[in-house]
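Below: one structure, written as structure tokens.
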Amino acid sequence: MPSRPRSVTDVARARFLERLAQWMYIAPAATYLLLFFGYPLVKNLVMSFQQYTITTFYTGAAPFVGMENYSKILSSDLFPKALLTTFLFTAGSVIGQFALGLAFALFFQRRFPLGGLLRSLLLLPWLLPLVVSGTTWRWLLDPDTGVANAALRGLHLTSSGVPWLTGTSQALVSVILVNIWVGIPFNTAILYGGLQDIPAHLYEAAKLDGAGSLASFRHVTWPLLRPAVSVVLVLGAVYTVKVLDIILVVTGGGPAGATETLATQSYELSFRQFEFGRGAAMSNVLIVLSLAFAVVHLRASRRAQNV
Amino acid sequence: MKRAPGRGWPSTVVGIALLALMLFPVYWMVNASLQPAGNTLQRTWFPSHPDLSGYVTALRDQGRNLVTSLVVALGSVVLSLGLAAPAAYALTQFRLRGADLVLFGILITQMAPGIAVANALYGAYNDLGLLNSYLGLILADSTAGVPFAIIIMRASMRSIPGEIIEAARVDGAGRLRVFRSVVLPVSANALITAAVFTFLFTWSDFLFALTLTTTESVRPVTLGIYQYIGAHTNQWNAITATAVMASVPAAVMLVVAQRYVTDGATDGAAK
Amino acid sequence: MISPAGSSAWRTAARLTAAIALVVAATGCGGATGAGSATSKVTSITALDYYTDEPEHSQWGETLSACGRTVGVKVEQASVPGASLIPKVLQQASSRTLPDLLMLDNPDLQQIAQTGALTPLDRYGIDSRGFAQGILSAGTYEGKVYGLAPYVSTVALFYNKDMLAEAGVAVPGTWDELKAAAAELTRPGRYGMAVDANPTFESAWQFLPFLWSNGGEERQLDTPRAAQALQLWVDLVKRGSMSKSVLNWTQADVHDQFVAGRTAMMINGPWRIPALNKDKNLHWGVAPIPVPQTGQTPVTPLGGEVWTVPQSPSTARREKAAQVLACLNEPSSMLALAKQHFTVPSRSTVASRYAEQVPSMAAFVKSVQAARSRTRELGVKWPKAATGIYTAIQSALTGEQTPEEALRHAQQTAIGD
């Protein structure tokens, strides 16, 4: 046997084995991601073109119906309403979380005794299970027995109380408020981190130039905080658009469907009405929305890296 | 950033006031859990006569669900770290073609609405008999933990100096040994952060509990609370007591693993 | 007890029908009855109900065991929560692991029977004569009886005697009296009246007595008579006599409000009586649901669970199950069950004897005689109408739509795809 070709094969084989061994580290996680994200996303896409109902669980038969699921959900009275609600819920939550989160971050930027402790305690609302937060708020906001109305009545701001959970527009405001409350800590943490990364000497320089605190915020803080800002806004939107827990717990989508979003509609279709095909179509609409945000996110973070 | 130390305390007072406002719902939950059952009108602002009957009822009705949540959360931590640690190692230390694709995949996972995943998993689980099972919940709940753990650990492992690994390799350590006795210990912080968050994600999960279980046999406490409200409006003390118990892990993490929690919040977003 | 709620699964369950019928046909069920000798070999059968709460769970368990003993078989009882029952049954049907005896909420029976998953009871020689007409029609599909209920129930007006006495208000009998009484009884922190108006089948069930007693029909929801009934609820909320939170309340919540003294009157069913009796300080009474005009008889929906014998490969097991079912519907069993659950025996003769023995139940005995089953008019299409009704209730009570508009939409939902 000639020795040279053999050693070449050996090298190739060794390299192959090496690669294989390296891939073995990734393979389990990659397989998991494919099974639990890849499969569901593809499956959802397929299901959205099928008449996929409980019948399918018996017979395995899910006839293809083309665009019927999409045309059914898109032409339903509920869809424009749910889309608008999703938009209002997302925009209201993201803006509210950001504004208050930024205020907290700026506040905590001052050094003061117990500042670190208070800042970490602020994280609590974010770490609590959403069901717990939702339950607590639902109880606080109960129009008859909740402490929110008790306080308003006590202050003589209202005699009858605000129908937090039973008025159609008030209920939407309520779920947005709860979601803002949940999101403030996350926004504060990221923005605080962003603020810490701004070199102190820039502030000193601005001060020397005679800039007041407002001017130094506008010319130093804000421009340098931009990357962190785009991260929290985009992530906030991506996470908020698919929120389900809070709405289900606080209002259940009601009253009279006033707090139904695309996510709750998708849940409703699949798991209350067992119309899995339509539920899948609805969640695909949701995915498209999320992807739109994702594109914005990727572009924003690329821009941030270039800065 | 150093600021003048003198004007500290007024800010502390303001800070405490703001925190009190932010955490009022949490206080109110604890307060309510210590009230006797019954008429919701007679609530007081302070539990001057703490009554533990809410906790007794809650433990009786929901004790099993708390254990279920614990089992599922721990299972998910083990699974997520077990999958994510080697993957993060490979993604940072090996030059693999296709690694970018994996990273892109991970990014995509952050966009996928849970309801879309649940929608498709329901059918698959029905066929595989995974509905109402611990394994089924652990697998589904890890959809939050696995990508997050990879992101956190990758960020940390990327900063391991190549020389350390080279040195170990030169000493004749195999890849697995390097991973086990060099990379993992150096990344301990990231591992803990990932574990803390995976635990909290799974403990808090509601969507998969709601969609992938249909009976009482395997029921996480989040779902327990959800079904508690409505059925027992007269027992808000028991409902809030359950809520308090369901909040314990978050509070414990905040006290015990505060640094990791803060790290996780920032690293996870800054990937 | 979720008797009226059923499950929203129902909306779609109708669609499975053809498919399941095929499956069942393929298994070749039906036909020859087994020999007597085969029957004797069966030592135990399974039963599935939705009474997970105590004491009802044990009460049913004991009754099932007792009936099992009389026919020489052990009955293994399993219970799932009401909302999970239908999904569970559907899963079991697909894997052919249905129980030998199955409890169903009566408005669900026709749809399940339509799938072919149940066996007609005449096959086992079960006598269904003497049952009240309403419940028999709920258990009947295409002329054959598939399910029998040992007892029935309906809703009525519960009131707090102390509060009525203190306000000097008589028990209302008509809608006008109801509105006046509810307003009189309202105090800070307390409402005069409470109903279940949440977006589920439960609120449709609570609304039916008002709809029907006013001459409204579930077949045609966009009528002035239906709108008047809905207007009554809207008025109660608008005048502050009923909390707007009724939009979120289940029947259990309504009960809790009543027990907590936060409402002076409520609509609820007799299955609440054991819980009401637990509170010694609560002095309550029960009356028929108020009617539009004096002298009218309220028409209420019929509640109660029917027992059925699902398809299974073993004729012997089905025979045994049928014997247990027959035993459950014996006069003595139904009398005992009715006493336990504060419901009404479904055989008319037993019911009148019962009214003599338990005078507090006389109001219910009287009202179930006129009670209608929810599926009598629409059959398997009832869930669609029910969806339309509860959506209309929500829209009208929030003020989003007038009762007329809301019911026009309801009618579209009821007849839509």
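Tabulated values for the structure
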{"quantity": "Projected area averaged over orientations for segment C:175-319, convex hull of C-alpha atoms, nm²", "calculated": "12.2 nm²"}
{"quantity": "Values of log10 I(q)/I(0), in the order q = 0.06, 0.09, 0.10, 0.11 Å⁻¹, for chain C under a Debye, Cα-only, solvent-free model", "calculated": "-0.24, -0.54, -0.67, -0.80"}
{"quantity": "Mean ellipticity per residue at 222 nm, deg cm²/dmol - from DSSP H runs of n ≥ 4 across chain C, formula -39500 (n - 2.57)", "calculated": "-14500 deg cm²/dmol"}
{"quantity": "Per residue convex hull volume, Cα atoms of segment C:341-406, in Å³", "calculated": "140 Å³"}
{"quantity": "Rounded FRET efficiency, nearest 0.05, which uses the C-beta distance separating B:LEU107 from A:ARG13 and R0 of 30 Å", "calculated": "0.30"}
{"quantity": "FRET efficiency, B:PHE46 to C:LYS278 (Cβ-Cβ, R0 35 Å, nearest 0.05)", "calculated": "0.70"}
{"quantity": "Point-to-point label distance, A:VAL65-A:ALA103, nm (Cα→Cβ direction, 7 Å offset)", "calculated": "4.8 nm"}
{"quantity": "Volume per residue that the Cα convex hull of the protein assembly as shown spans, once the total is divided by residue count, Å³", "calculated": "208 Å³"}
{"quantity": "Label-point separation in nm, B:LEU96 to B:ARG177, each point 7 Å along Cα→Cβ", "calculated": "2.3 nm"}
{"quantity": "All lysines inside 29 Å of A:LYS207 as judged from Cα atoms, apart from same-chain residues fewer than 8 positions distant", "calculated": "B:LYS2"}
{"quantity": "Alpha-carbon centroids, segment C:101-115 and segment A:213-264: separation in whole Å", "calculated": "46 Å"}
{"quantity": "Cleavage-rule hits, trypsin sites (Lys or Arg not before Pro), segment C:81-190, DSSP coil, Cβ neighbours within 10 Å at most 13", "calculated": "C:ARG129"}
{"quantity": "Diffusion constant of segment A:3-47 at 20 °C, which comes from Stokes-Einstein with the Kirkwood Cα-pair radius and 1.002 mPa s, µm²/s", "calculated": "166 µm²/s"}
{"quantity": "Helix-only CD estimate at 222 nm, as mean residue ellipticity for chain A, using -39500 (n - 2.57) per DSSP H run (n ≥ 4)", "calculated": "-23000 deg cm²/dmol"}
{"quantity": "Charge sum, other residues only, whose C-beta stays under 12 Å from C:ALA316's C-beta, Lys/Arg counted +1 and Asp/Glu -1", "calculated": "+2"}
{"quantity": "Residues of type aspartates and glutamates that C:LYS41 reaches as a straight line, Cα spacing below 16 Å, ignoring anything fewer than 8 places off in the same chain", "calculated": "C:ASP100, C:GLU319"}
{"quantity": "Cross-link reach list, aspartates and glutamates versus C:LYS280, counting only Cα pairs under 17 Å and skipping chain neighbours closer than eight places", "calculated": "C:ASP162, C:ASP256"}
{"quantity": "Fraction in percent of alpha-carbon pairs per bin - 10 Å, segment C:305-417", "calculated": "12, 25, 23, 25, 13, 2"}
{"quantity": "Full-extension gain in nm, C:GLU166 to C:LYS144, via 0.36 nm per residue minus C-alpha separation", "calculated": "2.7 nm"}
{"quantity": "Chain A pair-distance distribution - Cα-Cα, 20 Å bins, rounded %", "calculated": "24, 45, 24, 6, 1, 0"}
{"quantity": "Segment A:12-170 - Rg (one decimal) and Dmax (whole number), Cα, Å", "calculated": "25.8, 83"}
{"quantity": "Flagged links, alpha-carbon separation over 26 Å, of C:LYS238/C:LYS278; A:LYS43/A:LYS72; A:LYS242/C:LYS244", "calculated": "C:LYS238/C:LYS278; A:LYS242/C:LYS244"}
{"quantity": "Nitroxide proxy distance, nm - points 7 Å out along Cα→Cβ at B:LEU59 and B:VAL30", "calculated": "1.9 nm"}
{"quantity": "Among beta bridges that DSSP assigns inside chain C, antiparallel share in %, nearest 5", "calculated": "60 percent"}
{"quantity": "Cα shape, segment A:31-94, gyration tensor, a/c 1.5 rule", "calculated": "oblate"}
{"quantity": "Packing-based exposure ordering (other Cβ within 10 Å, fewest first) of C:ASP222, C:ASP108", "calculated": "C:ASP222, C:ASP108"}
{"quantity": "Dimensionless Rg over Rh [segment C:265-338; C-alpha; Kirkwood]", "calculated": "1.15"}
{"quantity": "Interchain or long-range residues, amide H under 5 Å from C:ALA194's placed H", "calculated": "C:MET265, C:MET266, C:ILE267"}
{"quantity": "Gyration tensor (Cα) of segment B:59-270, equivalent ellipsoid semi-axes in angstrom", "calculated": "36, 20, 14"}
{"quantity": "Residues whose placed amide H lies under 5 Å from that of C:LEU48, excluding near-sequence neighbours", "calculated": "C:ALA78, C:LEU101, C:LEU102, C:MET103"}
{"quantity": "Segment C:131-195: radius of gyration and largest Cα-Cα distance (Dmax), Å", "calculated": "18.8, 54"}
{"quantity": "Calculated FRET value between C:ASP122 and B:LEU23, using beta carbons and R₀ = 60 Å, to 0.05", "calculated": "0.35"}
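The numbers here are math on the coordinates, done by the rules we state, and not lab data. Fair warning: this is a prediction, and the values are worked out from it, not measured in the lab. Here the Cβ is made from the backbone with ideal geometry for all residues, glycine too, and neighbour counts use every protein chain on show.
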